[in-house]
Amino acid sequence: MNNAHTTQAPQRLHALDNLRALMMWLGIVLHVAINHLTIDSPLPWRDPKTSPLADLLLLFIHSFRMPVFFVLAGFFVALLAERRGANGMLKNRCLRLALPFAIFWPPLFVATTVLAMVYIHLTVRGVPGIDVALTPARQASGSPFNTMHLWFLYQLFWLSVLAWAGMRVRRFVPARLREALASGFTGLMARRWGFAVLALPLAFVGMLYPSGMVTESGSFLPPLAEWMQSGLFFVAGWYVHGQQERLLALFAARCKGCAAAGLAFLVATVLLLGASRGGSLHRVPHPEFWIAFAYNATAWLWSMALIGGFVRYLPRQNAVLAYLSQSSYWVYLVHMLGTVGFGILLFNAPLGAVAKMGLNIAATSLAALASYQLLVRRTPVGRLLNGQRPESRSTRKSTKARVFAAR
């Protein structure tokens with residue numbers, strides 16, 4: 001999540017930073033939408049006002065948000081490894097992922113748990129309160145602790161550890177096998193039909209879940225299916241970095257076509273889900289497989305479309321995009337407190353679901369930004385999360401002057 005820069009391709013890396021910031025901010029929209037679902041919710045609370053728009057927002061954002069995150073994560077881990085070596089990359093990931101998780105998870109877990117219990121009490125009894133008896137029962141072997149929305153940090157750190165281990169043992173792997181693996185991934189990412197092949201293994205994983213979609217458990221020991229779902233996108237990002245000039249140019253050229261194809265597969269996913277819930281897919285063998293295939297085809301297509309679109313249309317950072325990029329890590333950490341907390345405050349408001357969603361998104365965004373500006377931006381916390389103090393205008397001018405002189 002640190003901002004990576006290079007003198008060779010600054011525009012492209014700015015484009016990816018811009019995209020990563022947007023994906024962070026979409027987390028607010030997604031978690032607000034969960035409060036107003038008409039379908040079964042993954043969380044044990046629900047606002048009395050629901051809307052099909054919330055269902056569509058959840059399906060839409062979830063289809064590409066985490067896949068894009070993991071592709072970008074793999075890309076930047078490969079960039080760090082290229083610049084700093086395996087040990088340098090791992091040290092950076094410890095400082096930017098493991099340490100923030102260790103520091104922020106305990107207070108966020110406590111605060112989010114309290115807010116969740118109040119929201120559950122509201123959902124069940126209509127008034128705020130806390131009653132431990134209302135908390136959902138966990139499995140006999142289950143833990144009372146989970147990684148919550150920080151599961152992304154947790155999994156990304158361990159994927160980085162696996163990347164470090166792979167770099168350490170790669171000299172024992174025949175060069176021909178390493179080259180075949182790299183060319184296989186980059187070849188599939190480059191071909192127009194490659195998304196279908198990449199979606200196949202994830203379809204086999206997804207068919208093990210009732211909806212055909214892998215859902216994050218938040219466990220400190222996630223099942224293999226979650227590692228496969230996240231890991232394949234991470235590995236793809238790693239190999240995209242090795243062929244970034246060619247692949248990013250292809251993604252940029254094809255972004256509109258990939259977006260349109262992704263939309264078609266999302267529509268197919270919605271139709272398949274509706275048919276499955278209506279019982280009309282009972283004659284189709286393994287309907288979960290086809291739902292998972294359509295959904296993961298959407299994920300691959302929109303991942304490439306978004307990466308290519310930002311490379312093509314948003315290759316630079318302006319003051320607003322730079323600020324959103326710098327604040328996105330903090331917003332990611334604390335946004336659940338806002339989406340749940342403001343959901344509680346709006347629970348009995350005489351408003352419709354869409355109005356409540358809009359107010360919650362705005363309030364959570366403003367509160368997160370205000371806390372970043374006042375408590376984080378120019379503090380040790382900001383340096384912990386972003387790796388460096390935001391540059392002043394004079395510093396930026398001095399840096400540009402040094403770069404120009406070096407040329």
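The values are calculated or read from the model by the stated rules, or taken from the named source; none is laboratory data. No experiment lies behind these values; they were computed from the predicted model shown. FYI the Cβ positions are ideal-geometry reconstructions off the backbone, even for glycines, and counts take in every protein chain you see. For the accessible areas, the whole protein counts, side chains as well, though only heavy atoms, and no ligand, DNA or RNA atoms are used. Shrake-Rupley method; radii C 1.70, N 1.55, O 1.52, S 1.80 Å.
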Point-charge dipole on Cβ atoms (K/R +1, D/E -1) for the chain, about Cα centre, debye to 20:
1780
Put +1 on the Cβ of every Lys and Arg and -1 on every Asp and Glu Cβ in the chain; which of Leu53, Val118, Gly184 then has its Cα farthest towards the positive end of the dipole?
Gly184
Rounded to whole Å, sorted largest first: equivalent-ellipsoid semi-axes of the stretch 93-188, Cα gyration tensor:
43, 15, 12
Based on the alpha-carbon gyration tensor of the stretch 220-289, what equivalent-ellipsoid semi-axes (square roots of 5 times the eigenvalues) come out, in whole Å, largest first?
31, 21, 8
Qualifying aspartates and glutamates (Cα of each under 14 Å from Cα of Lys91; at least 8 residues distant if same chain):
Glu82
Neighbour net charge for Phe185 - beta-carbon separation under 14 angstrom, K R +1, D E -1:
+2
Prolate/oblate/rounded label for the stretch 181-262 (Cα gyration tensor, a/c 1.5)
prolate
Calc'd 3J(HN,Hα), the stretch 14-30, phi into Karplus 6.51 cos²θ - 1.76 cosθ + 1.60 (θ = phi - 60°), Hz, glycine/Pro = x, comes to 4, 4, 6, 4, 4, 5, 4, 5, 4, 4, 4, 5, 5, x, 5, 4, 4
Considering only protein heavy atoms, what per residue accessible area in square angstrom results for the chain with a 1.4 angstrom probe?
48
Once phi is turned into ³J(HN,Hα) by the Karplus curve 6.51 cos²θ - 1.76 cosθ + 1.60 with θ = phi - 60°, what whole-Hz value does each residue of the stretch 76-88 show in order, with x for glycine and proline?
6, 5, 5, 4, 5, 5, 5, 7, 10, x, 4, 5, x
The relative contact order of the chain, taking Cα pairs under 8 Å that sit 6 or more residues apart, comes to a percentage of 28
Quick check: pseudo-label points 7 Å beyond the Cα along Cα→Cβ at Arg83 and Phe204, how many nm apart are they?
3.7
Theoretical FRET efficiency, 1/(1+(r/R0)^6), r = Cβ-Cβ of Leu366 and Val320, R0 25 Å, to 0.05:
0.95
The relative contact order of the stretch 102-219, taking Cα pairs under 8 Å that sit 6 or more residues apart, comes to a percentage of 21
Yeah, the stretch 47-124 with a ≥ b ≥ c from its alpha-carbon gyration tensor (a/c under 1.5 is rounded, else prolate when a/b outruns b/c, oblate otherwise) is oblate
Normalising by the residue count of the stretch 1-131, find the relative contact order in percent from Cα pairs under 8 Å and 6+ residues apart.
21
Hey, got the dipole for the stretch 211-363? About the Cα centre, +1 on K and R Cβ, -1 on D and E Cβ, debye to the nearest 20?
420
So, by mean Cβ neighbours within 10 angstrom, what's the order for 261-273, 68-80, 303-315 with the highest one leading?
68-80, 303-315, 261-273
With θ taken as phi - 60° and the coefficients 6.51, -1.76 and 1.60, list the Karplus ³J(HN,Hα) couplings across the stretch 183-195 in order, rounded to whole Hz; mark glycine and proline as x.
5, x, 5, 5, x, 5, 5, 7, 8, 5, 9, x, 4
Apply the Kirkwood formula to the stretch 189-330: the hydrodynamic radius equals the inverse of the mean of 1/r over all pairs of different alpha-carbon atoms; give it in Å with one decimal.
16.7
Along the charge dipole of the chain, which of Ala78, Ser160, Leu266 sits closest to the positive end, that is, farthest toward it, with unit charges on the beta carbon of Lys, Arg, Asp and Glu (+1, +1, -1, -1)?
Ala78
What net charge is computed for the residues neighbouring Asp40, neighbours being all others with C-beta under 14 Å from the C-beta of Asp40, Lys and Arg scored +1, Asp and Glu -1?
+1
Using a Förster distance of 25 Å, how high is the FRET efficiency between Leu56 and Ala349, based on the Cβ-Cβ distance and rounded to 0.05?
0.65
Taking only DSSP H segments of four or more residues, each worth -39500 (n - 2.57), what value at 222 nm results for the chain once the sum is divided by all its residues, to the nearest 500 deg cm²/dmol?
-25000 deg cm²/dmol
Test of understanding: express the Cα radius of gyration of the stretch 326-371 as a ratio to 2.2 N^0.38 Å, with N the residue count.
1.17
Taking the chain as a Gaussian network, where each spring joins two C-alpha atoms under 10 Å apart, which residue of Met89, Met167, Met23 fluctuates the most?
Met167
Going by amide H atoms built from the backbone, whose H comes under 5 Å of the H on Asn146, apart from near neighbours?
none
